[in-house]
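The next block holds one structure in the form of structure tokens; read it before the comments.
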């Protein structure tokens, strides 16, 4: 669950697998409400579905860039925005106006989403068949942070193993992605000092060897 909220999962997982889980949860809770005929269960159903819907929408938005084509990313985020507008409207209409009108709006919104999906899939298929290039989504902030953290982790491991040259290269790479924090900067400076000390010692040994 944390991976989804941090945007570390694929868009396929966030959109399809989580969406399928959403439908299963809705069906299960609805069946319990019908069997129990309890207002408490109805309240649990409404609260649970609202909470899961919010989680589902945030997960799709966060993971939107974790796909092979920018078109899927744009479509996913557009659907998140449209659902955030339409779903509350349908809920209000079903509750205070008319279930029939709410169902009609829901049907049209579903057909709209399906239509957009078909159009996007057609574009994707055409570009693939024609041999054109499919542009990938831009790297998100969360992906940058993950990449930076991995470089820092590997750099500290190399430092502790005594590979100061390798550690310094990784610290420099991490610094080019995002400014180093205070602790990482200290490690980088220690790498520089120890490499300088090692180089000075090696030069001294070479000088002594020449004299001998």
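The values are calculated or read from the model by the stated rules, or taken from the named source; none is laboratory data. Model, not experiment: these values are computed from the prediction. Neighbour counts run over all protein chains shown; Cβ positions are idealised from the backbone, glycine included.
If I go through segment 95-133 residue by residue, how many of them are under 21 Å from residue 73 (Cα atoms), at pLDDT 90 or above and surrounded by 11 or more Cβ atoms within 10 Å (Cβ to Cβ)?
Of the residues in segment 95-133, 10 are under 21 Å from residue 73 (Cα atoms), at pLDDT 90 or above and surrounded by 11 or more Cβ atoms within 10 Å (Cβ to Cβ).
In segment 67-93, what count of residues is obtained for those that are surrounded by 18 or more Cβ atoms within 10 Å (Cβ to Cβ), without any contact (Cβ under 8 Å) to a residue 40 or more places away in the chain and over 18 Å from residue 113 (Cα atoms)?
Residues that pass the stated criteria total 1.
What single numbered condition from (1) surrounded by 13 or more Cβ atoms within 10 Å (Cβ to Cβ); (2) within 16 Å of the chain's Cα centre (by Cα) fails to hold for residue 33?
(2)
Scanning for something within 30 Å of residue 64 (Cβ to Cβ) and in contact with a helix residue (DSSP H, G or I) (Cβ under 6 Å, 6 or more places away or on another chain), does segment 38-47 turn up at least one residue?
First, the residues of segment 38-47 that are within 30 Å of residue 64 (Cβ to Cβ): 45-47.
Cutting the leftovers down to in contact with a helix residue (DSSP H, G or I) (Cβ under 6 Å, 6 or more places away or on another chain) gives us 45.
Looking through segment 38-47, at least one residue is within 30 Å of residue 64 (Cβ to Cβ) and in contact with a helix residue (DSSP H, G or I) (Cβ under 6 Å, 6 or more places away or on another chain).
Does at least one position in segment 94-110 carry a residue that is part of a helix (DSSP H, G or I), in contact (Cβ under 8 Å) with a residue 24 or more places away in the chain, closer than 21 Å to residue 11 by Cα and in the same structural domain as residue 7 (by TED's automatic domain parsing)?
Taking segment 94-110 first, the residues part of a helix (DSSP H, G or I) are 94-96, 99-110.
Now restrict to residues that are in contact (Cβ under 8 Å) with a residue 24 or more places away in the chain: 109.
In the following step, the residues that additionally are closer than 21 Å to residue 11 by Cα were identified as none.
No; the residues of segment 94-110 include none that is part of a helix (DSSP H, G or I), in contact (Cβ under 8 Å) with a residue 24 or more places away in the chain, closer than 21 Å to residue 11 by Cα and in the same structural domain as residue 7 (by TED's automatic domain parsing).
What do you reckon, is residue 176 exposed (fewer than 12 other Cβ atoms within 10 Å of the Cβ) and either assigned to a loop (DSSP other than H, G, I, E, B) or modelled with pLDDT under 80 (or both)?
For residue 176, the condition - exposed (fewer than 12 other Cβ atoms within 10 Å of the Cβ) and either assigned to a loop (DSSP other than H, G, I, E, B) or modelled with pLDDT under 80 (or both) - is met.
Got a sec? Which of 27, 64 is within 19 Å of residue 117 (Cβ to Cβ) and either at pLDDT 80 or above or assigned by TED's automatic domain parsing to the domain that holds residue 113 (or both)? Break it down into steps so the answer makes sense when it comes.
On the way: 27 fails: within 19 Å of residue 117 (Cβ to Cβ).
Exactly one residue qualifies, and that residue is 64.
Could you list, in sequence order, the residues of segment 67-93 that are touching a helix residue (DSSP H, G or I) at 6+ places or on another chain (Cβ under 7 Å) and outside any helix (DSSP H, G or I)?
Answer for segment 67-93, where residues must be touching a helix residue (DSSP H, G or I) at 6+ places or on another chain (Cβ under 7 Å) and outside any helix (DSSP H, G or I): 67, 69.
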